[in-house]
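This report concerns only the one structure given below.
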């Protein structure tokens, strides 16, 4: 079970304020929840930054939380927020060798690292190269501009990792 997992409890407590809502409440209908469970990451202004539908095993749910936090941090637009987004995504990628959300984690890790490094194109290209090599058929690899995958294909590993 996901929510009672100690690692999930710790991750939620560190970066989120969990709310459970009653979908029968007319004020909650504006959330446009179609299926349960739905996790919505919003900032302090109520702006939605990430949404995930359906249950996930704890390891995958930790990746969902990392993506949610990273999306919110990236949109803050501050250097410290970009650095936090990059760290959250790097930690998620380092937590395990592979997982169903790894292509998406790599895609956003490249973007977070790009902004963290004041438009560090080399970091972005290396990470997107890894994404294209490891997950060539994923939608996330297909979102990388083709000329960037050709430039990055010679890069052996993601910066700051052993992979």
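What follows is calculated from the coordinates using simple rules that are stated; it is not laboratory data. All values reported here derive from a predicted model rather than from experimental measurement. Note that we place each Cβ from the backbone using ideal geometry, even for glycine, and neighbour counts take in every protein chain shown.
In the chain, the calculated helix contribution to ellipticity at 222 nm averages -16500 deg cm²/dmol per residue, counting -39,500 (n - 2.57) for every DSSP H run with n ≥ 4. Each semi-axis of the equivalent ellipsoid for the chain is √(5λ) with λ an eigenvalue of the Cα gyration tensor; in descending order they amount to 29, 17, 15 Å. Considering only alpha-carbon pairs that sit under 8 angstrom and 6 or more positions apart, the relative contact order computed for the range 36-77 is 37 percent.
Compared with the dominant Cα axis of the chain, that is its longest principal axis, helix 79-95 is turned about 90°. A simple packing score, the average count of other Cβ atoms within 10 Å per residue, orders the peptides 130-140, 105-115, 45-55, 18-28 as 105-115, 130-140, 45-55, 18-28, with the highest score first. Angle of helix 58-76 to the longest C-alpha principal axis of the chain, folded into 0 to 90 degrees and rounded to 10: 80°.
Just want the ordering: 43, 60, from fewest to most Cβ atoms lying within 10 Å of their own Cβ. So the ranking, lowest neighbour count to highest, is 43, 60.
One decimal place: the segment residue 25-residue 13 gains 1.7 nm when fully extended, by the rule 0.36 nm per residue minus the C-alpha distance.
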